[in-house]
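**Q** Quick one: the structure is below, questions incoming.
The values are calculated or read from the model by the stated rules, or taken from the named source; none is laboratory data. Since we're looking at a predicted model, the values are computed, not measured. Note that we place each Cβ from the backbone using ideal geometry, even for glycine, and neighbour counts take in every protein chain shown. Just the protein is used for accessible areas: all its heavy atoms, side chains included, with ligands, DNA and RNA removed. Shrake-Rupley method; radii C 1.70, N 1.55, O 1.52, S 1.80 Å.
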Amino acid sequence: MEMTSLEPRIANPALAVPGAMDALMAMNKAISRVGISERMLELMHLRASQINGCGVCAVQHPKIARKLGETDDRIFAVAAWRDAPFFTDAERAALALTEAVTRVADTADPVPDNLWAEAARHYDEQELAALVLSIAAINVWNRLNVATRQVAGQEW
């Protein structure tokens with residue numbers, strides 16, 4: 001298999017604009033203080049990145065998840081989480097929320113009440129806020145990477 005050489009359009013915008021990376025990292029730090037499982041957040045980030053076609057994040061987040069102790073079965077199955085036996089009800093609610101918030105333009109009611117209620121059964125208000133912020137953050141990264149054609153596997 002021959003690999004093609006790809007080049008990004010510009011440097012990553014988060015690095016090109018002074019203070020942008022600091023702001024994104026500060027939000028991630030705030031989210032982490034809420035105490036949601038880092039492994040769960042990585043699986044959510046992977047799922048959003050798959051939906052958004054972000055090669056950088058689709059490569060990076062499984063590696064991070066694995067370092068945090070995530071299993072290959074769960075990493076490989078995240079794209080088909082509804083049909084895989086590896087996820088708890090709370091994890092399924094977080095993944096459903098991830099898909100809904102990532103696809104906000106796809107339906108008139110992108111985050112229906114029943115989906116939100118299921119997430120609220122497993123997470124308190126601060127945790128729900130952290131989940132939504134985390135989903136928003138990965139979507140920011142996906143959009144930065146996709147728009148500027150950042151290359152998977154390359155260091156910044």
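**Q** Report whether or not ALA94 is touching a residue at least 60 places away in the same chain (Cβ under 8 Å) and under 12 Å from the mean Cα position of the chain (by Cα).
**A** Taking the combined requirement at face value, the residue does not satisfy it.
**Q** Another one. Spot the failing condition for LEU115; the list is (1) farther than 23 Å from THR148 by Cβ; (2) outside any helix (DSSP H, G or I), and only one is missed.
**A** The failed condition is (2).
**Q** Which members of region 111-136 meet the condition of being open to solvent by 40 Å² or more (accessible area, probe 1.4 Å) and closer than 25 Å to ALA26 by Cα?
**A** Answer for region 111-136, where residues must be open to solvent by 40 Å² or more (accessible area, probe 1.4 Å) and closer than 25 Å to ALA26 by Cα: ASP124, GLU125, GLN126, GLU127, ALA129, VAL132, LEU133, ALA136.
**Q** Looking at (1) open to solvent by 60 Å² or more (accessible area, probe 1.4 Å); (2) touching a residue at least 40 places away in the same chain (Cβ under 8 Å); (3) not in a helix (DSSP H, G or I), can you tell me which one ALA108 breaks?
**A** (2)
**Q** Also: Looking at the structure I just gave you, is LEU68 over 18 Å from ILE135 (Cβ atoms), touching a residue at least 60 places away in the same chain (Cβ under 8 Å) and either touching an Asp or Glu at 6+ places or on another chain (Cβ under 6 Å) or not hydroxyl-bearing (Ser, Thr, Tyr) (or both)?
**A** no
**Q** Something else now. Looking at VAL78, is it of a type outside the set (D, E, K, R), touching a Pro at 6+ places or on another chain (Cβ under 6 Å) and under 20 Å from ALA137 (Cβ atoms)?
**A** no
**Q** Output the helices (runs of 4 or more DSSP H) that fall wholly within region 2-103 and possess 1 or more residues being farther than 22 Å from ALA119 by Cα and at pLDDT below 95, or say none.
**A** 13-16
**Q** Here is a further query. Against the conditions (1) over 26 Å from MET25 (Cβ atoms); (2) surrounded by 12 or more Cβ atoms within 10 Å (Cβ to Cβ); (3) in contact (Cβ under 8 Å) with a residue 24 or more places away in the chain; (4) not small (Gly, Ala, Ser), where does ASP89 fall short? Just the number, please.
**A** Condition not satisfied by ASP89: (2).
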